[in-house]
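Trainee: Here's a structure for you.
The values are calculated or read from the model by the stated rules, or taken from the named source; none is laboratory data. In this text, all values refer to a predicted model and were calculated from it rather than measured experimentally. Glycine also receives a Cβ, built like all others from the backbone with ideal geometry; neighbour counts cover every protein chain displayed. Just the protein is used for accessible areas: all its heavy atoms, side chains included, with ligands, DNA and RNA removed. Shrake-Rupley method; radii C 1.70, N 1.55, O 1.52, S 1.80 Å.
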Amino acid sequence: MNPQIEKLYQISLKEERRIIGLMSGTSLDGLDIALCRIEHVGKSTKIHLEKFVTMDYEDDFRTRVRSVFAQRHIDQQLLSGLHAYIGITHAKLINTALQQWNISSTAIDCIASHGQTVYHAPQSLTKDPNWPNSTLQIGDGDHIAVHTSIITISDFRQKHIAAGGEGAPLAAYGDYLLFSHPTENRFLLNIGGISNFTFIPSHKTKLKAYATDLGPGNTMMNQYMKKYFDREMDRDAHIAKMGRVNDLLLRQLLTEEFLMLHFPKTTGPELFNLAYLERAQDCSKTAHIPHEDVMATLNRFAAQAMINGILSESEGLSDVAVYISGGGLHNPLLFEYIKSSLPKHKVESFATLGIDPDAKEAVLFALLANETLAGNKSNVSQIKDSPAVCMGKISLPE
């Protein structure tokens, strides 16, 4: 037997595994690296977050990724090169983190890499029945495995699509296993570039858990800040706080058909981008309002899409809690408006549940890898409209 296969088999038999989860979101602020100690599988899973760091990307890295991100027409050679380049870059950042933590690569059982999403194209977005649901995450797992000497599991979303899903969001699988509660109906709201939630019903109901995208999170605000202020984000909502919400523009932004679709559903910056904003401004005759007013309105638009989704899905439920993670948690204007608009719900940081909210997505990919190594698809068979599958491709370092 190939000794790497033997090693993989032995890892699958362990009662406890140390797995590094990676997440690189559409904001491109950096690579989230979460070192997790995971016991057991399925609903018996217990996760301890040992270490967490976000390793910043260099500006050149961001520029290269943005040249292909959510673009329909790109340079094929650039895309091919980026697939390897991102894998190598992520491997270097992992090695740096391990050195900083004084942890040997031999102490790590595997790496779970989400990769970098560059295009998301479910039929619900493309409206083209000639092509199946598709999504593309680059950052080759073999390069990560070879350059770290650690078994790597990557490209999780393809199995989800192959089995009938849309490739996103995948948070439901981990959220369902870790955060079910006897009496509390939970919305685990993640505000990244795109906002999404996992709904986890209490044990008292017969409802099923599911995950869905809601609409824009930070992506349109970040794109606007980059174009007009040459900043990666509106830190602490500094610009948005100086503006006023333009009701005409807000109403137009909220007319997008996607926002009216039933849950679950998926979307991406392929829809919610500056071109979408420009069309809305043309329709509402608000093309010349101050930049600060645009930012205030984009902030409110993102919040309102989340609020509308949570209110529609929590109608008739009692003991409802909303736990927020992702970069949007650090936007005070966004957080406070969501909280004030949901007065009957408990609205708190995801930290209340015992995991760093900034680390949550990286932790969940570590859990998905754990299920692939030692779990069973039956562990996630009770998630609404999502295929019961174990996900990810396995790359051996030798």
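Trainee: Please determine, in degrees from 0 to 90 and to the nearest 10, the orientation of helix 291-314 with respect to the longest principal axis defined by the Cα atoms of the chain, where the helix direction is its Cα long axis.
Mentor: So the helix axis and the longest Cα principal axis differ by about 70 degrees.
Trainee: Just order 35-41, 384-390, 188-194, 70-76 by mean Cβ neighbour count inside 10 Å, highest at the front, would you? Numbers along the way, then the final one.
Mentor: Numbers: 35-41: 20.1, 384-390: 17.9, 188-194: 25.6, 70-76: 11.3.
Those peptides, ordered most packed to least, come out 188-194, 35-41, 384-390, 70-76.
Trainee: How tilted is helix 3-13 with respect to the longest principal axis of the chain? Cα atoms for both, answer in degrees (0 to 90, nearest 10).
Mentor: Around 70 degrees separate the two axes.
Trainee: Further question on the same structure: Report P(r) for region 50-156: all Cα-Cα distances, bin width 10 Å, range 0 to the bin holding the largest distance, values in whole percent.
Mentor: Using 10 Å bins, I get a P(r) of 13, 40, 30, 14, 3, 0 for region 50-156.
Trainee: How many angstrom lie between the C-alpha centres of region 354-398 and region 1-58?
Mentor: 10
Trainee: How far is it, in nm, from the label point at His203 to the one at Tyr228 when both lie 7 Å from their Cα along the line to the Cβ?
Mentor: 5.1
Trainee: Can you compute 3J(HN,Hα) from phi for each residue in region 87-101, using the Karplus curve 6.51 cos²θ - 1.76 cosθ + 1.60 with θ = phi - 60°, rounded to whole Hz and x for Gly and Pro?
Mentor: Once rounded to whole Hz, the list reads x, 5, 4, 5, 4, 4, 5, 5, 4, 5, 4, 4, 5, 5, 7.
Trainee: Using a simple charge model, +1 on the beta-carbon of Lys and Arg, -1 on the beta-carbon of Asp and Glu, nothing else, what dipole does region 242-398 show about its Cα centre, in debye to the nearest 20?
Mentor: 220
Trainee: Same structure again: Can you work out the FRET efficiency for the pair Glu50 and Lys377, with r the C-beta to C-beta distance and R0 = 30 Å, to the nearest 0.05?
Mentor: Values: r = 28 Å, r/R0 = 0.92.
The computed FRET efficiency comes out at 0.60.
Trainee: On to the next question. Could you work out how far apart the two model spin labels at Leu311 and Lys14 are, taking each label as a point 7 Å from the Cα in the direction of the beta carbon, and quote it in nm?
Mentor: With each label point 7 Å from Cα toward Cβ, the separation is 4.8 nm.
Trainee: Of all GluC sites (Glu not before Pro) in region 305-357, which ones are in loop regions per DSSP and have a Cβ with at most 15 other Cβ atoms within 10 Å? Show your work: numbers first, answer last.
Mentor: Values: sites: Glu313, Glu315, Glu336, Glu348; in loops: Glu315.
The qualifying sites are Glu315.
Trainee: What does the charge count near Pro201 come to, summing +1 for each Lys or Arg and -1 for each Asp or Glu among other residues with Cβ under 15 Å from its Cβ?
Mentor: Values: positive: Lys43, Arg186, Lys204, Lys206, Lys208, Lys384; negative: Asp175, Glu184, Glu313, Glu315, Asp319, Asp385.
Surrounding charge for Pro201 is 0.
Trainee: Also: Residue by residue, what Karplus-based ³J(HN,Hα) values in Hz, rounded to whole numbers, does region 388-398 have, using 6.51, -1.76 and 1.60 with θ = phi - 60° and x for Gly and Pro?
Mentor: Using θ = phi - 60°, the values come out as 7, 9, 9, 10, x, 9, 9, 10, 9, x, 10 Hz.
Trainee: Give the accessible area for Cys283 in Å² (nearest 10); use a 1.4 Å probe, count only protein heavy atoms, and leave out ligands, DNA and RNA.
Mentor: In the full protein context, Cys283 sits at about 90 Å².
Trainee: Hey, what number do you get for the chain at 222 nm if only DSSP H runs of n ≥ 4 count, each worth -39500 (n - 2.57), divided across all residues, to the nearest 500? Can you show the working numbers first?
Mentor: On the way: 14 runs with 154 residues, N = 398.
After summing the helix terms and dividing by residue count, I get -11500 deg cm²/dmol.
Trainee: Of Lys46/Lys159; Lys51/Lys206; Lys43/Lys241, which ones are farther than 32 Å apart at the Cα?
Mentor: Values: Lys46/Lys159 24 Å; Lys51/Lys206 37 Å; Lys43/Lys241 43 Å.
Over 32 Å apart, Cα to Cα: Lys51/Lys206; Lys43/Lys241.
Trainee: Could you compute the FRET efficiency for Lys344 and Met260, with r as their C-beta to C-beta distance and R0 at 22 Å, rounded to 0.05? Walk me through the numbers on the way to the answer.
Mentor: Numbers: r = 24 Å, r/R0 = 1.07.
About 0.40, to the nearest 0.05.
Trainee: Additional query: If you filter region 182-284 for trypsin sites (Lys or Arg not before Pro), then keep DSSP loop positions with at most 16 other Cβ within 10 Å, what is left?
Mentor: Working: sites: Arg186, Lys204, Lys206, Lys208, Lys226, Lys227, Arg231, Arg235, Lys241, Arg244, Arg251, Lys265, Arg279; in loops: Lys204, Lys206, Lys208, Arg231, Arg244, Lys265.
For trypsin sites (Lys or Arg not before Pro) across region 182-284 that sit outside H, G, I, E and B with at most 16 neighbouring Cβ atoms in 10 Å, the list reads Lys204, Lys206, Lys208, Arg231, Arg244.
Trainee: Further question: Can you bin every Cα-Cα distance in the chain into 10 Å intervals starting at zero and give me the percent of pairs per bin, rounded to whole numbers?
Mentor: Each 10 Å bin holds this share of Cα pairs: 5, 23, 33, 26, 10, 2, 0.
Trainee: In region 324-368, which chymotrypsin sites (Phe, Trp or Tyr not before Pro) fall in coil by DSSP and have 16 or fewer other Cβ atoms within 10 Å? It would help to have the intermediate numbers written out before the result.
Mentor: Working: sites: Phe335, Tyr337, Phe350, Phe365; in loops: none.
Here no loop site has a sparse enough neighbourhood.
Trainee: If R0 is 41 Å, what FRET efficiency do you get for Lys241 and Met1 from their C-beta distance, rounded to 0.05? Each step should come with its number before you reach the end.
Mentor: Values: r = 61 Å, r/R0 = 1.49.
So the FRET efficiency works out to roughly 0.10.
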